[in-house]
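In what follows, a single structure is set out as structure tokens and then discussed.
The values are calculated or read from the model by the stated rules, or taken from the named source; none is laboratory data. It should be emphasised that the depicted structure is a prediction, and the values quoted were computed from it without experimental measurement. Here the Cβ positions follow ideal geometry from the backbone for every residue, glycine too, while neighbour counts run over all protein chains shown.
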Amino acid sequence: MSEEGLSTTSLIKRLLLLVVGMFAFGFLLVPIYDVMCQAFGINGKTAGAAWQGQEQAVDMQREVRVQFVSSNAEGMRWSFGPEGNEIVLHPGETHSMNFLAHNPTDRVMVAQAIPSVAPSRAAAFFHKTECFCFTQQVLQPGESIEMPVRFIVDPALPADVRRLTLAYTLFDVTERMAPSLDLAAIHSN
């Protein structure tokens, strides 16, 4: 083989190795992101399953206002929002809020909701024990769904935090899920 042929083969091997490495790194980004958010309490990531089953005293001396906000990511055509705009609660109480979603399209769609809590320093004190954001939602054409989020605001929430905002952004993940789901067969029974 000529020297040019060896360098071309070597270059192709290196490029393929680079592509495989980039692909693997892309898959690792989500778990890395989750670990970093949990470790540093950034981006409004909330505590979830670790809170379940823990008994907390209700702080009847304090009230916290929790506001609910929703938005759709670009390309998401569902109507989506909370049943109520806000509630006032005592830290330590278990509360829930229903979010309503409707698929107005003529095709089956899969959605994923991504939550965030503001102010971000309060996210570690907002514990979701049940949430539609833990799973992907599949809706048939014209179908509507009521999706609950059940939560507790930790009594250890800093005293100067009197208002929290729980926000969800709804993403269309239909194309990404299409290879692993038989969308036509879902809900047809």
Checklist entry - Restricting attention to the stretch 91-104, which residues are in a loop (DSSP other than H, G, I, E, B) and either surrounded by fewer than 15 Cβ atoms within 10 Å (Cβ to Cβ) or among the basic types (Lys, Arg) (or both)? => result PRO104
Next on the checklist: Conditions first: (1) under 19 Å from the mean Cα position of the chain (by Cα); (2) crowded, with 20+ Cβ neighbours inside 10 Å; (3) under 19 Å from ARG163 (Cβ atoms). ALA113 passes all but one, so which condition is the exception?
Outcome noted: (3)
Checklist entry - Within the set of pairs 6+ apart or on separate chains, which have a first residue in the stretch 132-144 that is hydroxyl-bearing (Ser, Thr, Tyr), a second that is at pLDDT 95 or above, and C-beta atoms under 7 Å apart? => result SER144/LEU100; SER144/ALA101; SER144/HIS102
Checklist entry - Pairs under 8 Å by beta carbon, first residue among the acidic types (Asp, Glu) in the stretch 68-84, partner crowded, with 19+ Cβ neighbours inside 10 Å and modelled with pLDDT of 95 or more, six or more apart or different chains? => result GLU83/PHE99
